[in-house]
Amino acid sequence: MNRLLLSIAESAQQLSVSVRTIRRMIDRQELPFVRVRGAVRIPVAALESWVETCTAIPNNSGCAGPAVRKGGSTCHTSAK
C-alpha cells in the first residue's frame, strides 16, 4: 500500500529542501497539510501537484501549466 501522508521532514527530503522551507510553504499556504492528532502531515498528492505546477518546460520557461505539458497550446500563465 502506498503512503498517503508524509511528515514535514519526509516531505523536505522528497523535495530536497530544508524542513524550514516546508514550514514556510505551509505558513504561506503554498502547500496543503492535514493534522493527525496534532501532527502535521503533507499529502503525497499535494507534493506531486506542487511539483507539477512548478515544473518548467524547456524552450518555454515562462509556462509550466499542465495543459501545455499534455499537448495543449495555451500557456496558463498568460491566459486571462
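Taking amide hydrogens as placed 1.01 Å from N in the peptide plane, the amide H of LEU6 sits under 5 Å from those of ILE42, VAL44, each at least 5 positions away in sequence or on another chain. Given a Förster radius of 22 Å and the C-beta distance between THR53 and SER16 as r, what FRET efficiency does 1/(1 + (r/R0)^6) yield to the nearest 0.05? E between THR53 and SER16, to the nearest 0.05, is 0.80. Each Cα pair of segment 1-59 feeds into the Kirkwood radius, which the Stokes-Einstein equation turns, at 25 °C and 0.890 mPa s, into a diffusion coefficient of 206 µm²/s.
Net length available on complete extension from ASP27 to VAL40 is 3.5 nm, with 0.36 nm assigned per residue and the Cα-Cα distance removed.
No lab work stands behind these numbers, since they all come straight from the coordinates. Given the structure is predicted, the values throughout are model-derived calculations rather than measurements. As a convention, Cβ positions derive from the backbone with ideal geometry for all residues, glycine included, and neighbour counts pool all protein chains shown.
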